[in-house]
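Okay, structure first, notes after.
The values are calculated or read from the model by the stated rules, or taken from the named source; none is laboratory data. Fair warning: this is a prediction, and the values are worked out from it, not measured in the lab. Note: ideal-geometry Cβ built from the backbone for every residue, glycine included; neighbour counts use all protein chains shown. Accessible surface areas use protein heavy atoms only, side chains included; no ligands, DNA or RNA. Shrake-Rupley method; radii C 1.70, N 1.55, O 1.52, S 1.80 Å.
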Amino acid sequence: MSYLRLWWVHLRVGVMNELQYRVNFFVQLFNSLLSLGVGLAGWAIVFTYTETLGGWGRAELLAVMGIHILMGGLINTFIDPNMIRLMQEVRLGTLDYALVKPKDAQVLVSVRQTDFWQMVDVLIGLSVLMVALLQLKSQLGLWQTLAFGVALLLGGLMIYSVFLMLATWSFWFVRVGNILQIFRGIYEAGRWPVDIYPDWLRFGLTFLAPVAFAVTVPAQALTGRLTPLTLGGAALLAIGLLSLSRWFWNFGLRHYTGASA
Amino acid sequence: MKGMLDFYITQFKIELSSHFQYRFALLIRIIVLVIEPVIYLVVWTTVAEAHGGIVGGYTRGEFAAYYIAWMLVRQMTVSLGPSDVEDLIRSGELSAMLLRPVNPFHIFLASGPSAKVFTFLWLMPILAILVIVFRPTLSPALWEIATFAAALVMAYILRFVLLWAMQMAAFWITRASALTGMYFAAEFLLSGRLLPISMLPLWAQQIGNVLPFRWSFGFPLDVLLGRLTPLEVGLGFLIQVAWLLVGAFLIKVLWRAGLRRYSAVGG
């Protein structure tokens with residue numbers, strides 16, 4: 001409970017901090033709309049040549065794109081800024097200040113930074129998703145909506161775990177600043193449902209960088225493709241990745257000597 | 001003139017040795033580079049397979065050829081980042097560069113060739129692997145390979161010059177990267193990066209022919225894949241030169257005006 005409060009306090013401070021820089025909102029809005037435009041154009045062009053892609057229809061793929069933007073916004077708001085700060089502080093040695101605080105260090109480094117304006121993407125993603133759902137004219141049941149929410153949460157947790165593990169590398173290799181770029185590159189693949197990719201790539205997208213679970217599985221939930229088996233598998237993998245990243249973080253922490261030491 | 005050549009050669013040596021330091025960064029670059037075209041390739045292959053193996057005039061193998069050559073062209077034409085010049089101007093780093101007897105434009109342009117040689121060295125084995133995995137259909141004539149190389153060099157210089165000219169807006173406005181963002185977005189759709197230009201709707205192709213994006217990316221690809229008649233190739237080179245002249249002119253004018261303003265700000 002006290003950890004929830006910790007997160008809430010950091011969130012409030014972070015948001016208040018960002019509210020000072022209002023022009024950044026417009027910059028973010030501009031960038032987001034630009035990439036939305038590019039994404040929609042690509043989507044439209046593909047569908048001038050075909051009616052379905054790997055069994056997914058036009059509106060269904062629009063839903064996938066909406067979830068992709070939505071999840072991307074969540075990552076950029078909550079996960080990415082924290083991990084960048086963590087890696088910076090390992091390099092500078094200022095991580096010590098976080099470690100001496102009487103709270104769990106992993107929780108602390110995961111909630112300190114919020115890039116509030118990136119929430120623009122969450123809103124845009126939601127809007128795209130709404131339009132897609134309207135086009136699908138599907139009746140969303142309570143269970144479907146619930147499954148969607150759960151899948152999204154599980155996907156987010158998996159992505160957080162992978163980010164934490166990537167950032168933990170900085171305990172050994174100080175210059176890994178652009179390691180997160182790998183993730184961004186791979187994440188782009190999630191714009192399309194992962195079932196179209198060849199096996200080796202799908203494996204990577206499922207287990208190494210769980211884009212499949214973060215984007216495709218929630219989309220499956222909304223389009224009636226999700227089997228309980230997949231959702232169960234997602235839950236298991238989420239727990240597995242969370243524990244693994246927790247272990248790896250603690251392992252890395254033992255190797256951290258601080259820059260001043 | 002000889003001094004300038006010496007400068008380019010020295011800069012080449014310095015940069016080349018510095019590239020070998022960062023092996024990890026290179027690995028990341030490779031992964032990021034390979035993933036993007038593989039995504040497009042997979043999407044179009046899926047579409048092609050659902051339509052009897054051909055879509056928009058491209059077979060599965062031709063798509064593979066396009067997107068594998070894409071990697072080479074992308075790596076060879078990539079130059080300035082979205083805010084390189086902007087950072088230089090805003091941070092004041094430019095002041096130190098101005099003390100040197102060479103225009104910063106040349107410092108940046110001269111750092112290109114060594115990066116390209118280095119890139120070429122590591123890119124070849126990767127392209128070889130991708131050729132085995134995706135089995136492209138490609139049989140260019142000798143003259144096509146030669147013109148491809150020429151078009152590629154021109155594309156690199158053209159893109160660099162245009163980006164440099166545009167980013168000089170940072171002398172006047174603080175958020176010049178918004179401008180570059182728009183450039184990249186338009187380039188993404190109209191240059192042949194997302195898909196071959198001939199697959200765009202006709203009106204978009206016509207717009208794309210007039211704008212510089214195609215000529216700084218997709219043109220060499222179309223040459224290599226034998227999609228253009230000799231006449232079209234010649235015309236393409238002419239348009240490249242024309243845009244290059246436009247860029248050079250802009251740089252000349254903006255640089256002079258911008259510097260006057262820059263010194264005024266720096267006091």
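Some points to look at:
- Restricting attention to segment B:172-198, the residues that are more than 10 Å from chain A (Cβ to nearest Cβ), more than 14 Å from the chain's Cα centre (by Cα) and open to solvent by 30 Å² or more (accessible area, probe 1.4 Å) total 4.
- Some residue of segment B:158-165 being among the small types (G, A, S), away from chain A (no Cβ under 12 Å) and in contact (Cβ under 8 Å) with a residue 12 or more places away in the chain: yes
- Search result, residues across segment A:187-199 that are facing chain B (nearest Cβ under 7 Å), crowded, with 22+ Cβ neighbours inside 10 Å and either without any contact (Cβ under 8 Å) to a residue 60 or more places away in the chain or assigned to a helix (DSSP H, G or I) (or both): A:A189, A:Y197
- Residue list for segment B:175-218, restricted to those being of a type in the set (K, R) and outside any helix (DSSP H, G or I): B:R175, B:R193
- Segment A:42-58 - residue that is more than 13 Å from B:A50 (Cα to Cα) and crowded, with 17+ Cβ neighbours inside 10 Å and, of those, farthest from the other protein chains (Cβ to nearest Cβ): A:R58
- All positions within segment A:19-65 that are among the acidic types (D, E) and not in a helix (DSSP H, G or I): A:E51
- Subset of segment B:20-35 that is modelled with pLDDT under 80 and within 19 Å of the chain's Cα centre (by Cα) - its residue that is least open to solvent (accessible area, probe 1.4 Å): B:L26
- Long-range neighbours under 8 Å by Cβ, at least six apart or interchain, first residue in contact (Cβ under 8 Å) with a residue 40 or more places away in the chain within segment B:123-139, second in a loop (DSSP other than H, G, I, E, B) and crowded, with 16+ Cβ neighbours inside 10 Å: B:L138/B:L225
- Filter result for B:M71 (in contact (Cβ under 8 Å) with a residue 12 or more places away in the chain, more than 14 Å from chain A (Cβ to nearest Cβ) and assigned to a helix (DSSP H, G or I)): no
- Test: A:M130 is more than 14 Å from every other protein chain (Cβ to nearest Cβ) and either more than 30 Å from B:W44 (Cα to Cα) or surrounded by 22 or more Cβ atoms within 10 Å (Cβ to Cβ) (or both): no
- Pairing each residue of segment A:101-121 that is open to solvent by less than 20 Å² (accessible area, probe 1.4 Å) with any residue that is part of a loop (DSSP other than H, G, I, E, B) and among the basic types (K, R), provided the two are 6+ apart or on different chains, yields C-beta distances under 7 Å for A:L108/A:K101.
- Which numbered condition A:F213 fails, given (1) assigned to a helix (DSSP H, G or I); (2) modelled with pLDDT under 90; (3) more than 28 Å from B:R23 (Cβ to Cβ): (2)
- Some residue of segment B:250-260 being of a type in the set (G, A, S), out of contact with any strand residue (DSSP E or B) (no Cβ under 7 Å at 6 or more places or on another chain) and at pLDDT 95 or above: no
- Count of segment A:208-234 residues which are farther than 23 Å from A:F173 by Cβ and surrounded by fewer than 15 Cβ atoms within 10 Å (Cβ to Cβ): 5
- Looking only at residues of segment B:201-256 that are more than 21 Å from B:Y183 (Cα to Cα) and small (G, A, S), we find that the one that is surrounded by the fewest Cβ atoms within 10 Å (Cβ to Cβ) is B:G234.
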